[in-house]
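Have a look at the structure below before the remarks.
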Amino acid sequence: MAVINPWTWGLGRRKSAVARVRLKPGAGGFVVNGKPVDEYFVTVQTRQRARQPLAATDGLEQYDIFCNVNGGGPSGQSEAVSLGIARALKTINPATFETLRDQSLLCLLYTSPSPRD
């Protein structure tokens, strides 16, 4: 008898941070290290960065997300979570690859825009 596993895994690394991300179809819950994402990432920038792949693929309310992240600081952790989510979304729906790639969400190195630009 085959066991049906609803979870899709994604691994994200950025700087010293490593995020292990699990996605499954659901109502849009987002938990990082046992806390809601808005409690774990306290700045608006880190919250937006963690949710960016979901916003790019219109998946904000389609998946329940559970992340375990360690190492690094808040910025590196949010970018590692973002990469892990993007990789899991690509696995769930390969058609999202183009969108995620065009927005540089599948890159290991993320460079934020310079304040001078």
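The values are calculated or read from the model by the stated rules, or taken from the named source; none is laboratory data. This is a predicted model, so every value here is computed, not measured. Neighbour counts run over all protein chains shown; Cβ positions are idealised from the backbone, glycine included.
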| request: List every residue pair whose Cβ atoms sit under 9 Å apart, with the two residues 6 or more apart in sequence or on different chains, where the first one lies in the range 46-65 and is closer than 17 Å to TRP7 by Cα and the second, anywhere, is among the charged types (D, E, K, R). | output: LEU54/GLU61; LEU60/ARG51; TYR63/LYS24; ASP64/ARG22; ASP64/LYS24; ILE65/ARG22; ILE65/LYS24
| note | Flagged in the range 30-72 as modelled with pLDDT of 95 or more, in a loop (DSSP other than H, G, I, E, B) and loosely packed, with under 13 Cβ neighbours inside 10 Å, in numbering order, are GLY34, VAL42, THR43
| field | Within the range 84-105, considering residues that are over 13 Å from ALA56 (Cβ atoms) and hydrophobic (A, V, I, L, M, F, W, C), the one surrounded by the fewest Cβ atoms within 10 Å (Cβ to Cβ) | value | ILE92
| remark: Expected single match for closer than 22 Å to ASP102 by Cα, in contact (Cβ under 8 Å) with a residue 24 or more places away in the chain and among the small types (Gly, Ala, Ser) among GLY29, GLY10 is GLY10
| message | Checking LYS15 against (1) out of contact with any helix residue (DSSP H, G or I) (no Cβ under 6 Å at 6 or more places or on another chain); (2) among the basic types (Lys, Arg); (3) surrounded by 13 or more Cβ atoms within 10 Å (Cβ to Cβ), only one condition comes out false. Which one? | response | (1)
| query | Is there any pair linking a residue in the range 93-106 that is closer than 23 Å to TRP7 by Cα and outside any loop (DSSP other than H, G, I, E, B) to one that is at pLDDT 90 or above and among the basic types (Lys, Arg), with Cβ under 9 Å and at least six apart or on different chains, and which? | reply | THR96/LYS90; PHE97/LYS90; LEU100/ARG87; LEU100/LYS90; ARG101/LYS90
